[in-house]
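Chemist: Next up is a structure, given as structure tokens.
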Amino acid sequence: MKKQVGEITMEAVHGDITSQPDMTAVVNAANAQLSPGGGVAGAIHRAAGPGLAEECLPMAPIEPGQAVISGGHNLPNKYVIHCLGPVYGKDKPENLLLADCYRNALRLADEKEIDSVAFPAISTGIFGYPFEAATDITLQTVQEVLPELKFVNHIRFVLFGEEDFEVYVERLRRLKI
Ligand code: AR6
């Protein structure tokens with residue numbers, strides 16, 4: 001499912017964040033220590049190899065809402081942008097912290113002159129953010145940041161679950177831009 005907004009393509013796909021070889025950067029739903037964990041972080045570190053954790057070590061810890069960038073190591077992508085999402089019910093205000101993740105990741109990508117970025121659904125796994133509420137915040141925030149972007153022209157949302165993918169398809173269809 002693709003949506004064209006001016007020169008920018010927004011897209012939802014059903015798949016794995018570590019299998020997006022056509023994207024210059026992928027986003028990691030990281031932990032504060034930027035170390036391998038479960039979910040997306042585990043998959044990214046496994047695919048990237050131990051060099052990723054080594055490179056990340058001096059950048060840790062990061063705060064909820066923050067984004068930092070590293071190389072992609074053995075991933076097919078040139079960069080990994082690591083975002084720490086809010087833990088639902090603990091890091092407040094969680095909606096603003098989640099929005100910060102997407103805003104900061106896109107701004108960082110643009111600063112690095114990155115053309116394409118793939119996002120997982122940050123905070124919606126182990127961190128417990130209700131999926132539909134997180135989706136609304138994500139798409140609203142990305143929409144707000146689009147006019148600022150000079151280099152990023154392709155934003156992909158990679159959804160692991162079929163139902164999660166359907167939520168994105170429906171929301172992207174309804175998006176009025
Ligand atoms: N590709 C795409 N999406 C995935 C993948 C994958 N390989 N694996 C899971 N998802 P999570 P969080 C989906 O838990 O909630 C880690 O241990 C998943 O279904 O990865 O931000 C870190 O170390 C869910 O919708 O991230 C942190 O401690 C979404 O990606 C903590 O979990 C995010 O799930 C971060 O928790």
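Chemist: Could you grab me the full set of residues in the stretch 119-169 that are open to solvent by less than 20 Å² (accessible area, probe 1.4 Å), out of contact with any Ser or Thr (no Cβ under 9 Å at 6 or more places or on another chain) and within 9 Å of the ligand (Cβ to nearest atom)?
Modeler: PRO120, SER123, LEU159
Chemist: Could you look through the stretch 31-43, keep only residues that are more than 6 Å from the ligand (Cβ to nearest atom) and closer than 10 Å to HIS82 by Cα, and pick out the one that is least open to solvent (accessible area, probe 1.4 Å)?
Modeler: This residue is LEU34.
Chemist: Taking interchain pairs and intrachain pairs at least six residues apart, which have beta carbon atoms under 6 angstrom, with the first residue in the stretch 90-118 and without any contact (Cβ under 8 Å) to a residue 60 or more places away in the chain and the second open to solvent by 70 Å² or more (accessible area, probe 1.4 Å) and hydrophobic (A, V, I, L, M, F, W, C)?
Modeler: If the second residue must be open to solvent by 70 Å² or more (accessible area, probe 1.4 Å) and hydrophobic (A, V, I, L, M, F, W, C), the pairs left are ASP110/PHE151; GLU113/PHE151.
Chemist: May I pose another question? Limited to the stretch 119-177, what total is found for residues that are under 12 Å from HIS14 (Cβ atoms) and β-branched (Val, Ile, Thr)?
Modeler: Final tally of qualifying residues: 3.
Chemist: Could you tell me whether PRO93 is in contact with a Ser or Thr (Cβ under 7 Å, 6 or more places away or on another chain), of a type outside the set (Asp, Glu), modelled with pLDDT of 95 or more and over 16 Å from ARG156 (Cα atoms)?
Modeler: Here the answer is no, as PRO93 does not meet what is asked.
Chemist: While we're on this one: Is it true that LEU57 is at pLDDT 95 or above, away from the ligand (no atom under 15 Å from the Cβ) and open to solvent by 30 Å² or more (accessible area, probe 1.4 Å)?
Modeler: no
Chemist: Determine which single condition SER123 fails, assuming it passes every other condition in (1) more than 12 Å from the chain's Cα centre (by Cα); (2) at positive phi.
Modeler: (1)
Chemist: Of all residues in the stretch 4-30, count the ones that are open to solvent by 40 Å² or more (accessible area, probe 1.4 Å) and at pLDDT below 95.
Modeler: Start the filter on the stretch 4-30 by keeping residues that are open to solvent by 40 Å² or more (accessible area, probe 1.4 Å), which leaves 4, 6-7, 14, 16, 19, 21-22.
Narrowing further to those that are at pLDDT below 95: 4, 6-7.
Qualifying residue count, the stretch 4-30: 3.
Chemist: Condition test on GLU11, is it more than 13 Å from the ligand (Cβ to nearest atom) and closer than 16 Å to PRO120 by Cβ?
Modeler: For GLU11, the condition - more than 13 Å from the ligand (Cβ to nearest atom) and closer than 16 Å to PRO120 by Cβ - is met.
Chemist: On to the next question. Restricting attention to strands (runs of 3 or more DSSP E) lying wholly within the stretch 1-113, give those where 3 or more residues are under 14 Å from the mean Cα position of the chain (by Cα). If you could, list the steps in order and put the result at the bottom.
Modeler: Working: elements: 2-5, 8-14, 25-29, 67-71, 79-83.
Answer list for the stretch 1-113: 8-14, 25-29, 67-71, 79-83.
The values are calculated or read from the model by the stated rules, or taken from the named source; none is laboratory data. As the structure is a computational prediction, the values presented were derived from the model and not from experiment. Counting neighbours? That spans all protein chains shown, and the Cβs are built from the backbone with ideal geometry, glycine included. Please note that ligands, DNA and RNA were not included when accessible areas were found on the heavy atoms of the full protein model with its side chains. Shrake-Rupley method; radii C 1.70, N 1.55, O 1.52, S 1.80 Å.
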